[in-house]
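*Asks:* Pasting in a structure now, in structure tokens, and then I'll have a few things to ask.
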Amino acid sequence: MVTNWTNVTTPEQFLQIANNNTGGWFWVSMLTMLTIVLLISMLPFGFEAAVLGAAFAGLMVGILLVYLELVGWTWVAMYAGIIVFMFLWIMYSRRD
């Protein structure tokens, strides 16, 4: 697919081109890669802290991408679900 750059007149259209050329997967994969990099880099602090920190950062960036209309709410809700699951897991594993 060849992009017609003369039709790009706003920053929103410039960001949307990447999604148009990849079938809507570019910004979803960028959000996922950011989360994976954060998860791996925070593993020395413990698995639970790394997952919670990476999911929270993914949630914040994901909300920004939703409001820019680059990512759907389904992907951002996944990060909220991971956070809720990790809270429940931590409460279950720390009980006496």
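*Asks:* Just checking, how many residues over the range 1-25 are surrounded by 15 or more Cβ atoms within 10 Å (Cβ to Cβ), in contact (Cβ under 8 Å) with a residue 12 or more places away in the chain and more than 15 Å from residue 64 (Cα to Cα)?
*Replies:* Residues in the range 1-25 being surrounded by 15 or more Cβ atoms within 10 Å (Cβ to Cβ), in contact (Cβ under 8 Å) with a residue 12 or more places away in the chain and more than 15 Å from residue 64 (Cα to Cα): 2 in total.
*Asks:* I would also like to ask the following. Kindly establish whether residue 64 is modelled with pLDDT of 95 or more and crowded, with 17+ Cβ neighbours inside 10 Å.
*Replies:* So residue 64 does not fit the description; no.
Let's see how each residue does on (1) in contact with a Leu (Cβ under 7 Å, 6 or more places away or on another chain); (2) among the hydroxyl-bearing types (Ser, Thr, Tyr):
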{"residue": "5", "(1), (2)": "no, no"}
{"residue": "9", "(1), (2)": "no, yes"}
{"residue": "19", "(1), (2)": "yes, no"}
{"residue": "34", "(1), (2)": "no, no"}
{"residue": "40", "(1), (2)": "no, no"}
{"residue": "44", "(1), (2)": "no, no"}
{"residue": "77", "(1), (2)": "no, no"}
{"residue": "82", "(1), (2)": "no, no"}
{"residue": "95", "(1), (2)": "no, no"}
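The values are calculated or read from the model by the stated rules, or taken from the named source; none is laboratory data. This one's a predicted model, so the numbers in the text were calculated from it and none came from an experiment. Ideal geometry is used to build each Cβ from the backbone, glycine not excepted, and the neighbour counts take in all protein chains shown.
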